[in-house]
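Right, one structure below, let's go through it.
The values are calculated or read from the model by the stated rules, or taken from the named source; none is laboratory data. Keep in mind that this is a model prediction, so the values were computed, not measured. Glycine also receives a Cβ, built like all others from the backbone with ideal geometry; neighbour counts cover every protein chain displayed. Keep in mind that these areas ignore ligands, DNA and RNA; they rest on the heavy atoms of the full protein, side chains included. Shrake-Rupley method; radii C 1.70, N 1.55, O 1.52, S 1.80 Å.
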Amino acid sequence: MIPSLSYYSTLLRKDFIDYCNHQLLEMDLSQGLLFYILYVGKHPNCSPKQLTQALHMDTGHTTRSLSKLQQSGFIKQENNPHDKRAHVLNLTPKGEQAFKTSHDLFLKWDQEVMNELSKDEQTQLLSLLKKVSYKKEKI
């Protein structure tokens, strides 16, 4: 029996999560919270509602995650200068460092996972995976 794409994608996802959690441990950050930092880093002054919709999370989960990130000093929530009833999200200096580190994590993991492949094989693999992916990247 030949293992399926779902089998390999599950293995790769688990490996990536383990890798991220290990690397992020010293920053007291989990891989799950990392995606909030990535979104806010790429979309400064976004609203919690925009973040919730972009990450396809429910409001309660986003509220709890943002609370953790604020208490840990990664994100600050401020009044929207255009609407005092609304809030905007931005990274703190600690959050900016986590944002930078996360980009390095993605690159390092890619290099580790694909180090046995030639440059042509890497390009072909990424091209084929893009072709079979049906969801657009949200982050």
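Does residue 90 satisfy the condition of being touching a Lys or Arg at 6+ places or on another chain (Cβ under 8 Å) and outside any helix (DSSP H, G or I)?
yes
Starting from region 1-12, take each residue that is in contact (Cβ under 8 Å) with a residue 40 or more places away in the chain and list its partners that are part of a helix (DSSP H, G or I) and open to solvent by less than 80 Å² (accessible area, probe 1.4 Å), counting only C-beta distances under 8 angstrom and pairs at least six apart or across chains.
Cβ pairs passing all conditions: 12/113.
Within the bounds of region 72-88, is there any residue that is modelled with pLDDT of 95 or more, open to solvent by 30 Å² or more (accessible area, probe 1.4 Å) and out of contact with any Leu (no Cβ under 8 Å at 6 or more places or on another chain)?
Checked against the condition, which is being modelled with pLDDT of 95 or more, open to solvent by 30 Å² or more (accessible area, probe 1.4 Å) and out of contact with any Leu (no Cβ under 8 Å at 6 or more places or on another chain), region 72-88 yields no hits at all.
So is residue 29 under 30 Å from residue 132 (Cβ atoms) and touching a residue at least 40 places away in the same chain (Cβ under 8 Å) or not?
no
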